[in-house]
Amino acid sequence: LAVRRRLKVGQNFDIICGFDLNKSKDQHNVWTYFKINKPFVAVMAPMCKAFGPLSNWNEINAPEAWAESYRLGAPHGRFCGQVARFQDDEGRFYLNEQPHPSKLYREPPWPLVLARPSSVSIVVHQCMTGQRGPKDGLPAKKTTMFVANHETLLKPLEKFWCDGSKHPVHSDLLNGASGPLQLWTWKLCQAIVDGIVLLRKELGVTNKSYVSFFPEVGTCLLYTSPSPRD
């Protein structure tokens with residue numbers, strides 16, 4: 001979608017692409033890439049299993065499973081916070097997705113990132129993006145939060161709020177049914193790209209002055225898509 005909108009995209013730092021951002025070596029590669037290529041927008045979606053709405057229940061009733069999910073999710077979740085802080089320090093931008101509410105934002109350095117004046121957020125319902133439950137096919141009201149450091153990135157997401165008038169009945173997402181919904185819908189992806197395009201126009205950015213990043217593959221791990229220099 002980003003390519004079709006004439007944005008420059010590049011490497012997706014994702015586990016399925018061979019990058020494990022729990023490893024210091026791969027984190028170092030990301031830092032090198034970011035410092036050299038100076039991404040305009042970093043789009044991220046860290047693993048949410050240990051932090052989402054059901055994590056409190058899992059921590060009490062399945063502590064070993066929760067501890068394993070935390071071991072897998074916390075390192076790169078914190079790393080995403082470091083990326084967000086770096087982008088903000090450099091005068092560039094980030095967008096981070098998590099279910100709402102998410103305990104990830106208690107992990108350092110996220111509390112400091114969210115305390116910055118530039119931090120903005122929005123809560124959306126994914127049923128309004130065309131998301132449907134895997135078992136019953138009903139609209140899936142997966143409540144999701146996007147955090148960014150510029151409100152324009154969030155403007156295209158404002159329409160994704162369900163007041164019940166269009167979807168009086170929603171899918172039951174308990175008992176693991178929400179797992180397949182980690183993949184974003186095309187409509188949601190389009191809105192994210194729209195936000196990047198709007199911000200570029202607002203700031204007068206061109207392909208010659210900045211590179212826009214966007215994830216090309218859906219997964220529950222980190223999304224960032226750095227691009228080679230001009």
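The values are calculated or read from the model by the stated rules, or taken from the named source; none is laboratory data. Model, not experiment: these values are computed from the prediction. Here Cβ is always computed from backbone atoms with ideal geometry, including for glycine, and neighbour counts include all displayed protein chains. SASA here: full protein model, heavy atoms, side chains in, ligands and nucleic acids out. Shrake-Rupley method; radii C 1.70, N 1.55, O 1.52, S 1.80 Å.
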- [ ] Set the Förster radius R0 to 35 Å, insert the Cβ-Cβ distance between Arg106 and Val3 as r into 1/(1 + (r/R0)^6), and round the FRET efficiency to 0.05.
- [x] 0.45
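For the chain, give me the percentage of DSSP beta bridges that are antiparallel, rounded to the nearest 5 percent. Don't jump to the answer; show the numbers that get you there.
Details: 12 of 17 bridges.
Antiparallel: roughly 70 percent of the beta bridges in the chain.
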Open item on the list: Output needed for the chain: three equivalent-ellipsoid semi-axes, defined as square roots of 5 times the C-alpha gyration tensor eigenvalues, in descending order, whole Å.
Closed with: 27, 22, 16
Task: Inter-label distance, nm, simple model (7 Å from Cα along the C-beta direction), Arg71/Leu183 - done: 2.9 nm
Open item on the list: Using the basic label-point model (7 angstrom from Cα toward the beta carbon), what is the Leu138 to Lys38 distance in nanometres?
Closed with: 5.1 nm
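At 222 nm, what helix-only mean residue ellipticity would the chain give, in deg cm²/dmol to the nearest 500, using -39500 (n - 2.57) for each DSSP H run of four or more?
Numbers: 5 runs with 71 residues, N = 230.
Taken over the chain, the calculation gives -10000 deg cm²/dmol.
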Task: Shape call, segment 71-128: gyration tensor on alpha carbons, a/c limit 1.5 - done: oblate
TODO: Just flag the chymotrypsin sites (Phe, Trp or Tyr not before Pro) in segment 81-186 sitting in loop per DSSP whose Cβ has no more than 16 other Cβ atoms within 10 Å.
DONE: Trp161
TODO: For the chain, with a Gaussian network of springs between Cα atoms less than 10 Å apart, report the residue from Pro75, Pro63, Pro53 with the top mean-square fluctuation.
DONE: Pro63
Task: Cβ-placed point charges (K, R +1; D, E -1), dipole of the chain about Cα centre in debye, nearest 20 - done: 640 debye
Task: Axial C-alpha extent at least 15 Å, average Kyte-Doolittle at least 0.5 - helices from the chain (DSSP) - done: 186-203
Task: Cβ-derived FRET efficiency at R0 41 Å, Thr206 paired with Glu64, nearest 0.05 - done: 0.20
Task: Rounded accessible area per residue of the chain, 1.4 Å, Å² - done: 48 Å²
Open item on the list: Starting from 0.36 nm per residue, how many nanometres of slack lie between Asn175 and Ala115 once their C-alpha separation is accounted for?
Closed with: 18.2 nm
